[in-house]
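The values are calculated or read from the model by the stated rules, or taken from the named source; none is laboratory data. Being a predicted model, the structure only gives us computed values, none of them experimental. Every residue, glycine among them, receives a Cβ derived from its backbone with ideal geometry; neighbour counts consider all protein chains shown.
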Amino acid sequence: MTQMRLVVVGASGRMGRVLVRAISEAPDLVLAGAVDQPGSEFLGRDAGELAGLPPLGVTLSDDPLTLFAAADGVIDFTIPAASVAYAAFAAQARIVHVIGTTGFSAEEEARIAAAARHAALVRSGNMSLGVNLLAALVRRVARTLDEGFDIEIVEMHHNRKIDAPSGTALLLGEAAAQGRGVTLEENGVFTRHGTTGPRRSGDIGFATLRGGTVVGEHNVIFAGAGERIELAHKAEDRGVFARGALAAARWARGRKPGLYSMTDVLGLTDF
Ligand SMILES: NC(=O)C1=CN([C@@H]2O[C@H](COP(=O)(O)OP(=O)(O)OC[C@H]3O[C@@H](n4cnc5c(N)ncnc54)[C@H](OP(=O)(O)O)[C@@H]3O)[C@@H](O)[C@H]2O)C=CC1
Ligand SMILES: O=C(O)C1=N[C@H](C(=O)O)C[C@H](O)C1
């Protein structure tokens with residue numbers, strides 16, 4: 001098969017730079033374009049140089065439509081409003097769209113699902129193998145234990161993160177809710193402050209920590225009477241997310257339109 005031509009949107013961001021490096025190291029992939037938002041100070045700069053590499057001859061552009069027309073896929077770790085717009089552009093160009101962005105509203109999620117009717121789109125709050133395996137484990141444990149075990153999800157990220165709880169924490173919360181046969185909408189508790197009263201049986205609680213340069217840590221606690229099970233994942237390097245996103249792009253190439261997840265990409269089946 002020919003090399004897959006990928007455009008990285010948000011190429012000057014933390015994930016964007018890691019993605020540019022990962023693509024440049026993959027013999028089956030080629031960086032076909034790098035996009036930043038209009039007005040960005042990085043427009044016109046070489047994407048390789050920004051990523052700490054020798055020049056790649058691909059400069060940051062604010063013209064996604066032209067680049068998408070000549071590409072096979074888009075890798076997108078940006079902000080929700082941008083990802084929604086790029087989903088429509090990728091659908092128009094009928095190319096693969098991999099979305100790692102987190103923090104979407106329900107309305108934005110619906111617009112992404114609508115775009116996925118026209119092209120293969122993979123979206124996940126966490127692209128790493130480890131977290132997606134953890135989600136399957138959480139689903140399994142939640143199915144086994146009854147409400148005598150309280151579920152709490154604790155996450156910590158760097159101090160530049162703008163959304164809370166993390167996309168991963170929500171993904172893990174959904175897995176716990178599915179295992180229990182309930183919905184996160186009805187059972188999720190996202191804030192506690194003041195005189196809250198005792199914990200309601202069946203709640204799925206979330207706690208958010210922010211500080212320093214932490215790449216991403218998640219802990220799912222099943223707290224019972226006199227014993228506690230903890231399932232945890234620690235990301236040490238953003239490369240794990242980039243590798244997952246590129247695996248998703250390869251997997252989605254040539255696939256029929258639809259909204260896919262990393263569970264589909266990794267072929268993870270429930271235990
Ligand atoms: N699913 C996963 O596995 C992972 C998901 N993420 C998620 O990815 C997202 C990005 O994270 P991170 O890289 O740390 O954040 P950054 O803020 O470092 O990067 C986001 C980049 O997107 C750019 N951007 C904003 N609007 C546009 C636009 N319209 N077009 C092109 N680029 C745009 C920003 O530019 P500017 O700086 O000028 O605003 C910035 O460079 C977050 O939602 C995060 O939660 C992160 C890691 C893993
Ligand atoms: O913003 C980040 O950095 C991360 N975001 C994702 C999330 O919201 O879960 C994934 C990862 O934990 C890093």
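Brief remarks follow.
- In segment 214-233, the count of residues that are under 20 Å from residue 31 (Cβ atoms) and touching a helix residue (DSSP H, G or I) at 6+ places or on another chain (Cβ under 8 Å) is zero.
- Count of segment 62-92 residues, restricted to those that are outside any helix (DSSP H, G or I), surrounded by 20 or more Cβ atoms within 10 Å (Cβ to Cβ) and either more than 22 Å from the chain's Cα centre (by Cα) or not assigned by the TED database to the domain that holds residue 251 (or both), is 0.
- Boolean, residue 217 is closer than 22 Å to residue 158 by Cα, within 13 Å of ligand 2 (Cβ to nearest atom) and touching a Lys or Arg at 6+ places or on another chain (Cβ under 6 Å): yes
- Pairs, first of a type in the set (Val, Ile, Thr) in segment 229-243, second within 13 Å of ligand 2 (Cβ to nearest atom), C-beta under 6 Å, six or more apart: 240/128
- Within segment 12-26, restricting attention to residues that are more than 16 Å from ligand 2 (Cβ to nearest atom) and surrounded by 24 or more Cβ atoms within 10 Å (Cβ to Cβ), the residue that is farthest from residue 37 (Cα to Cα) is 23.
- In summary, residue 62 fulfils each of the numbered conditions (1) free of Cβ contacts under 8 Å to residues at least 24 places away in the same chain; (2) within 16 Å of ligand 1 (Cβ to nearest atom) with the single exception of condition (1).
- Any chance residue 40 is within 16 Å of ligand 2 (Cβ to nearest atom) and either out of contact with any Gly (no Cβ under 7 Å at 6 or more places or on another chain) or assigned to a strand (DSSP E or B) (or both): no
- Number of positions in segment 115-162 that are within 16 Å of ligand 1 (Cβ to nearest atom) and in a loop (DSSP other than H, G, I, E, B): 10
- Check on residue 174, assigned by the TED database to the domain that holds residue 229, touching a helix residue (DSSP H, G or I) at 6+ places or on another chain (Cβ under 8 Å), closer than 30 Å to residue 19 by Cα and assigned to a strand (DSSP E or B): no
- Taking the criterion of being part of a strand (DSSP E or B), surrounded by 13 or more Cβ atoms within 10 Å (Cβ to Cβ) and more than 15 Å from ligand 1 (Cβ to nearest atom), the residues of segment 198-228 that qualify are 204, 205, 206, 207, 219, 220, 221, 222, 223.
Conditions tested, residue by residue: (1) at pLDDT below 95; (2) within 15 Å of ligand 2 (Cβ to nearest atom); (3) more than 29 Å from residue 207 (Cβ to Cβ).
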| site | (1), (2), (3) |
| --- | --- |
| 79 | no, yes, no |
| 94 | no, no, yes |
| 117 | no, no, yes |
| 125 | no, yes, no |
| 128 | no, yes, no |
| 141 | no, no, no |
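- Number of the condition not met by residue 34 [criteria: (1) crowded, with 23+ Cβ neighbours inside 10 Å; (2) within 13 Å of ligand 1 (Cβ to nearest atom); (3) in a helix (DSSP H, G or I)]: (3)
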